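Colleague: Following this message is one structure expressed as structure tokens.
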Amino acid sequence: MAPVEGVKSVHPLNASQPAGHVVGAIDDNMAYPLLVWAWSLLRTAERSLFFTIGFLSGTLSDQKRHLLEEFFTQWGIDYEFCELAHDPRFVAQGHISPTTFAKFLLADRISSAHVWIDADAIGHTGWDQIFDAVDEVTKAKLLLVAGRKHGEIDVGKSNRLAFNAGVLGWPAKARRPWSRRLDQMDLVETQEQQLFNDLYGDVLEVISSDFNTLSYQVDSLSSSPNKPRIIHFAGPQKPWHLPARFRGRCRLYRCPWSAWFEEEEMMLDALESSSLRAVVLGMRRESRSIGSLPVGRHNRGRLLLWLLSRLGPAGWIVIAFGAMARPIIPTGTHPLH
Ligand SMILES: [Mn+2]
């Protein structure tokens with residue numbers, strides 16, 4: 001079948017422009033968001049791409065994996081799946097699954113230059129310039145990350161993690177051994193991010209926060225002074241959890257989630273006449289589910305989405321009242337604008 005229109009095939013590789021190697025990891029829950037991730041990255045890249053998708057043993061069903069392979073083949077994506085050994089130290093923490101630790105395993109396995117991007121992110125025009133930045137990493141630096149705000153980073157600040165590990169540029173250099181350090185660590189709130197900060201804090205090359213724009217830091221894309229190149233939907237509540245009927249508000253307001261909805265819509269439109277469309281709609285339905293009732297202070301945004309997914313049209317009442325509670329609900333990440 002012909003590749004989807006508007007998407008550049010990576011076959012044959014364009015010799016004048018080096019291909020970018022994108023690495024990510026998923027489990028069954030993230031199979032559908034991964035499609036939107038891959039679609040957006042491919043759609044907006046100016047170079048050919050090669051994808052490595054990692055998964056921890058036993059967390060991605062053969063069925064899901066085969067479905068993803070069908071999509072990738074149809075889109076002309078050059079890819080490999082990479083099964084990784086699970087490790088009891090890879091803990092689930094709140095909404096963060098053990099899959100996040102795949103970053104370490106994949107960076108060890110892939111010694112050539114590549115860019116890790118969390119599957120809860122999308123690419124925007126210009127995102128693939130990060131590959132140039134990785135190639136230009138200075139001699140003493142081992143890892144490229146995006147600053148938290150306006151390209152700034154403060155490694156010395158001990159009360160807060162210096163960088164978010166959702167986007168990582170790995171030059172073709174040695175990786176630091178992480179296993180023993182992980183053994184020595186106390187359990188902290190975001191174990192894998194803390195480990196990254198501990199290991200690489202002194203050898204970081206920092207680029208603009210545009211390459212890892214955290215959705216909860218942006219209220220509206222139309223008023224944001226920066227042009228996000230990679231939008232990372234970090235945090236417990238995710239755009240794919242929001243039922244379609246409530247998405248119009250986000251799109252009107254241009255909250256960061258609207259960018260995810262646009263990519264998803266483009267992807268679905270491009271699959272209009274494809275035999276895979278029915279399959280993708282099934283995956284989409286499945287991805288909406290949040291599971292059991294989310295509890296705890298940090299889960300207020302997720303709780304709102306949980307309610308909206310169960311209430312149907314009555315969810316508008318929750319939104320009307322919720323708008324009054326806006327100050328206690330995370331900004332830029334929900335339909336309460
Ligand atoms: Mn993430």
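Colleague: Name the one entry in Ala85, Ala133 that is out of contact with any Pro (no Cβ under 8 Å at 6 or more places or on another chain) and modelled with pLDDT of 95 or more.
Modeller: Working: Ala85 fails: modelled with pLDDT of 95 or more.
Going through Ala85, Ala133 in turn, just one is out of contact with any Pro (no Cβ under 8 Å at 6 or more places or on another chain) and modelled with pLDDT of 95 or more: Ala133.
Colleague: Residues of the range 110-123 being away from the ligand (no atom under 16 Å from the Cβ) and either crowded, with 18+ Cβ neighbours inside 10 Å or in a helix (DSSP H, G or I) (or both), which ones? It would help to see each step written out before you state the result.
Modeller: Filtering the range 110-123 down to residues away from the ligand (no atom under 16 Å from the Cβ) leaves 110-114.
Result: Ile110, Ala113, His114.
Colleague: What do you reckon, is Ala107 in contact (Cβ under 8 Å) with a residue 24 or more places away in the chain, in a helix (DSSP H, G or I) and of a type outside the set (Phe, Trp, Tyr)? Lay out the reasoning, then the answer.
Modeller: Numbers: in contact (Cβ under 8 Å) with a residue 24 or more places away in the chain: yes; in a helix (DSSP H, G or I): yes; of a type outside the set (Phe, Trp, Tyr): yes.
Criteria met by Ala107.
Colleague: Identify all residues within the range 71-90 that are closer than 15 Å to Leu105 by Cβ, among the aliphatic types (A, V, I, L, M) and touching a residue at least 40 places away in the same chain (Cβ under 8 Å); write none if there are none.
Modeller: Of the range 71-90, the ones closer than 15 Å to Leu105 by Cβ are 80-90.
From the residues that got through so far, the ones that are among the aliphatic types (A, V, I, L, M) too are 84-85.
Leu84 - this is the single residue of the range 71-90 that is closer than 15 Å to Leu105 by Cβ, among the aliphatic types (A, V, I, L, M) and touching a residue at least 40 places away in the same chain (Cβ under 8 Å).
For (1) buried (at least 18 other Cβ atoms within 10 Å of the Cβ); (2) outside any helix (DSSP H, G or I), each residue gets a yes or a no:
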| position | (1), (2) |
| --- | --- |
| Trp260 | yes, no |
| Glu263 | yes, no |
| Leu268 | no, no |
| Pro294 | yes, yes |
| Ile317 | no, no |
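Colleague: If I filter the range 186-208 for residues that are more than 16 Å from the ligand (Cβ to nearest atom), assigned to a helix (DSSP H, G or I) and over 17 Å from Val115 (Cα atoms), do I get at least one hit? Full working, then the answer.
Modeller: Filtering the range 186-208 for residues more than 16 Å from the ligand (Cβ to nearest atom) gives 186-188, 198-208.
With assigned to a helix (DSSP H, G or I) added as a condition, the list becomes 198-200.
Still in the list and also over 17 Å from Val115 (Cα atoms): 198-199.
Checked the range 186-208: at least one residue is more than 16 Å from the ligand (Cβ to nearest atom), assigned to a helix (DSSP H, G or I) and over 17 Å from Val115 (Cα atoms).
Colleague: Something else about it: Check the range 224-237 and report whether any residue there is of a type in the set (Ser, Thr, Tyr) and in contact (Cβ under 8 Å) with a residue 24 or more places away in the chain.
Modeller: Within the range 224-237, the subset of a type in the set (Ser, Thr, Tyr) is 224.
Filter once more, keeping what is in contact (Cβ under 8 Å) with a residue 24 or more places away in the chain: none.
Looking through the range 224-237, none of the residues is of a type in the set (Ser, Thr, Tyr) and in contact (Cβ under 8 Å) with a residue 24 or more places away in the chain.
Colleague: When you check Leu105 against the structure, is it more than 16 Å from the ligand (Cβ to nearest atom), over 19 Å from Pro18 (Cβ atoms) and out of contact with any helix residue (DSSP H, G or I) (no Cβ under 6 Å at 6 or more places or on another chain), yes or no? So that I can check it myself, show each step before the final result.
Modeller: Details: more than 16 Å from the ligand (Cβ to nearest atom): yes; over 19 Å from Pro18 (Cβ atoms): yes; out of contact with any helix residue (DSSP H, G or I) (no Cβ under 6 Å at 6 or more places or on another chain): yes.
Yes.
The values are calculated or read from the model by the stated rules, or taken from the named source; none is laboratory data. Everything numeric in this text was worked out from a predicted model, so none of it was measured. Counting neighbours? That spans all protein chains shown, and the Cβs are built from the backbone with ideal geometry, glycine included.
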